[in-house]
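The values are calculated or read from the model by the stated rules, or taken from the named source; none is laboratory data. Fair warning: this is a prediction, and the values are worked out from it, not measured in the lab. SASA here: full protein model, heavy atoms, side chains in, ligands and nucleic acids out. Shrake-Rupley method; radii C 1.70, N 1.55, O 1.52, S 1.80 Å.
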Amino acid sequence: MDYTEEKYHPVLIKLASDIDQMDYYQILNLPSSCTKVQIKKQYYGMSRALHPDKFYQLENDELKQAVKKIFKRVTESYTILKDDKKRKLYTEQLSGSDRQSHLRFSEKDEQQLSTQNVVQGRVAQTPQGQKCYAAYLTEFNRKNWDSALRHLQSAMIFETGNARLAALKAELEAKREQADEGETPS
């Protein structure tokens with residue numbers, strides 16, 4: 001479809017005025033259950049058809065601005081939906097009670113996602129627990145099992161009930177036993 005034809009101009013201008021009320025799935029004309037392949041295919045098709053450079057020769061400035069706005073939102077939609085973590089958060093927010101305020105993925109959403117990733121990636125949550133865990137990692141990498149265990153136990157004092165630390169302790173104790181069995185008396 002050649003959107004540079006004059007018969008499509010009113011449609012594009014109308015779309016540009018309505019696009020702020022559309023979510024990313026609606027912009028790409030896809031269901032929320034779509035695959036990454038479908039998202040990519042739809043994005044590339046739309047970006048080729050609606051690239052602003054295709055409209056540079058036209059005199060109608062209103063149309064040019066409309067196409068730029070549409071193209072920007074199509075690209076934004078693709079950028080969010082192609083990323084699994086962003087897409088998951090975005091889709092959850094869309095299905096929430098305040099759908100209208102989450103039509104666009106904001107900087108606040110990005111920060112929320114970043115915070116979730118940091119917290120999920122941390123083994124220890126408290127500052128003291130993190131220090132002890134860092135010392136554990138240093139000793140573990142040096143294969144100094146006894147010292148690593150002491151630091152891990154210290155971290156567990158600050159992180160009571162931390163299942164990840166408990167699992168690491170069990171693994172470390174198994175490594176210590178293997179190391180002890182591997183030593184031969186002289």
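I need the phi-derived Karplus couplings for the stretch 12-19: 6.51 cos²θ - 1.76 cosθ + 1.60, θ = phi - 60°, integer Hz, Gly and Pro marked x.
Rounded to whole hertz, the list is 5, 5, 5, 4, 4, 6, 8, 5.
Semi-axes of the equivalent ellipsoid for the stretch 76-176, please: Cα gyration tensor eigenvalues, times 5, square-rooted, ordered largest first, whole Å.
Rounded to whole Å, the semi-axes are 39, 13, 11.
Just to confirm, what accessible area per residue do you get for the stretch 1-60 at 1.4 Å probe, in whole Å²?
Here the per-residue accessible area is 65 Å².
I'd like the distance separating the alpha-carbon centroids of the stretch 90-110 and the stretch 28-79, in whole Å.
21 Å
Listed here are the pairs Lys54/Lys82; Lys40/Lys82; Lys40/Lys86; Lys40/Lys68; which of them are more than 18 Å apart at the Cα?
Listed pairs above 18 Å: Lys54/Lys82; Lys40/Lys68.
Using only Cα atoms, find the angle between the long axis of helix 163-182 and the longest principal axis of the chain, and express it within 0 to 90 degrees, rounded to the nearest 10.
Roughly 50 degrees between the two axes.
With θ set to phi - 60° and the Karplus curve 6.51 cos²θ - 1.76 cosθ + 1.60, what are the ³J(HN,Hα) couplings of the stretch 54-71 in order, to the nearest whole Hz, using x for Gly and Pro?
For the stretch 54-71, the Karplus-derived couplings read 6, 10, 4, 7, 6, 7, 6, 5, 4, 5, 4, 5, 5, 5, 4, 5, 4, 4 Hz, x marking Gly and Pro.
Using just the alpha carbons, could you tell me how many Å³ per residue the convex hull of the stretch 35-100 encloses?
Convex hull of Cα atoms, per residue: 79 Å³.
What number in nm² do you get for the chain if you take the convex hull of its Cα atoms and divide its surface by four?
For the chain, the mean projected area of the Cα convex hull comes to 16.8 nm².
Could you pull out every one of the lysines with an alpha carbon less than 23 Å from that of Lys131, ignoring same-chain neighbours closer than 8 positions?
Lys143, Lys169, Lys175
When the chain is fully extended, how far beyond the present Cα-Cα distance does Met22 get from Thr75, taking 0.36 nm per residue of separation?
17.7 nm
Measure off, as a whole percent, the carbon and sulfur share of the 1.4 Å-probe accessible area of the stretch 48-98, all protein chains present.
Percent of accessible area from carbon and sulfur atoms in the stretch 48-98: 51.
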